[in-house]
Amino acid sequence: MLNIDGFAYTNSLRQVHPLEKAAFAFITMFMCIGFSLPVISGLVIVLMAFAIVGPARIPIKVYFRLMSLPFSFLLIGVVTIAVSITTKGSGAGWLAGITISGITVGITYSGIIYAIGLFLKSLGAVSCLYFLSLTTPAVEMTAVMRKLKFPSLFIELTDLIYRFIFVMLATAEEIHTSQSSRWGYASMKNSMKSLGQLTAALFVKALHRSQTLYTALSSRGYTGQLNVLTPEYTVSVNNIIIIAVIESALTITAILLEMGYIG
């Protein structure tokens with residue numbers, strides 16, 4: 001399992017103000033989502049890859065391994081979007097198709113363009129979130145949300161859910177290792193059976209650990225807010241200028257693309 005929290009505490013951008021990193025990640029992500037342009041989405045992916053592997057010094061193998069998870073998931077999703085089903089028959093714009101009993105199933109040029117754009121947009125948004133999670137510890141993001149006056153309930157739920165994700169991943173890995181050592185995945189039949197047992201056991205353990213966590217918090221005087229100490233940071237004017245230049249360049253490029261001056 002990849003230790004995302006470990007990289008968040010040891011990366012080269014650790015001492016950068018978390019508000020600066022959050023601003024860079026979210027402004028870029030909103031631009032990627034707001035401008036429905038594959039070129040902008042591609043630029044965002046490249047930009048975040050450079051920021052993660054370059055200034056943050058995250059190993060490139062770790063980055064590609066992380067990106068492979070949403071890549072495979074999104075690829076399956078956009079394939080279904082690219083396929084069109086109609087009863088009007090194939091006509092202009094169809095690249096390939098087959099008609100059975102009056103129903104045509106195939107791929108159109110517009111469907112492929114839309115699927116590629118959605119794929120790049122989703123991957124760009126995920127890369128922005130990876131940048132933030134790999135460079136900023138969850139404790140500091142909690143402090144940022146408090147400064148931005150987010151609702152306390154939202155902050156606490158976000159923090160607890162984030163922590164619990166890693167607890168569940170570690171538990172699932174332990175169960176999977178135990179099953180593998182007993183040839184639980186030696187065949188397709190065994191794999192399906194072991195996967196079902198893993199899911200059931202993980203649900204029970206998740207319920208038990210959530211109850212234990214609540215008991216532990218209550219015994220320490222939990223009143224609905226997790227108070228933590230965070231380091232003091234200094235806002236860097238240079239970083240703000242760099243962020244402004246990058247976002248301005250992306251905005252200008254997007255506007256020129258939409259107006260037809262580029263491409």
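So here's what we get for this one:
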{"read-out": "Cut-off under 5 Å, modelled amide H: who pairs with R57 long-range", "value": "S12"}
{"read-out": "J(HN,Hα) series, region 154-171, from Karplus relation 6.51 cos²θ - 1.76 cosθ + 1.60, nearest Hz, glycine and proline x", "value": "4, 5, 5, 5, 4, 5, 5, 5, 4, 5, 6, 4, 6, 5, 5, 5, 5, 5"}
{"read-out": "For the chain, convex hull of alpha carbons as volume per residue, Å³", "value": "203 Å³"}
{"read-out": "Relative contact order for the chain, counting Cα pairs under 8 Å that sit 6 or more residues apart, in percent", "value": "27 percent"}
{"read-out": "Vicinal HN-Hα couplings computed from phi for region 42-50 (Karplus, 6.51 cos²θ - 1.76 cosθ + 1.60; Hz; Gly/Pro x)", "value": "x, 5, 5, 4, 5, 4, 5, 4, 5"}
{"read-out": "Ranking of E140, E232 by count of other Cβ atoms within 10 Å, fewest first", "value": "E232, E140"}
{"read-out": "Straight-distance crosslink candidates among lysines, where the alpha carbon sits under 26 Å from K121 and sequence neighbours closer than 8 are dropped", "value": "K21, K61"}
{"read-out": "20 Å reach of a label modelled at S178, 7 Å along Cα-to-Cβ, counting backbone N of region 189-207", "value": "190-207"}
{"read-out": "The chain - mean residue ellipticity at 222 nm from DSSP helices (-39,500 (n - 2.57) per run, n ≥ 4, rounded to 500)", "value": "-24500 deg cm²/dmol"}
{"read-out": "Under 5 Å, built H, 5+ apart or other chain: amide partners of S84", "value": "G106, I107, T108"}
{"read-out": "Packing-based exposure ordering (other Cβ within 10 Å, fewest first) of C128, C32", "value": "C128, C32"}
{"read-out": "Ranking of M168, M192, M259 by count of other Cβ atoms within 10 Å, fewest first", "value": "M259, M192, M168"}
{"read-out": "Rounded, prolate or oblate (a/c below 1.5 giving rounded, otherwise prolate when a/b exceeds b/c) for region 138-232 by Cα gyration tensor", "value": "prolate"}
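Values quoted throughout were computed directly from the atomic coordinates according to the rules given, and no laboratory measurement underlies them. A quick note: this is a predicted structure, and the numbers were derived from the prediction, not measured. We place every Cβ from the backbone using ideal geometry, glycine too, and count neighbours over all the protein chains shown.
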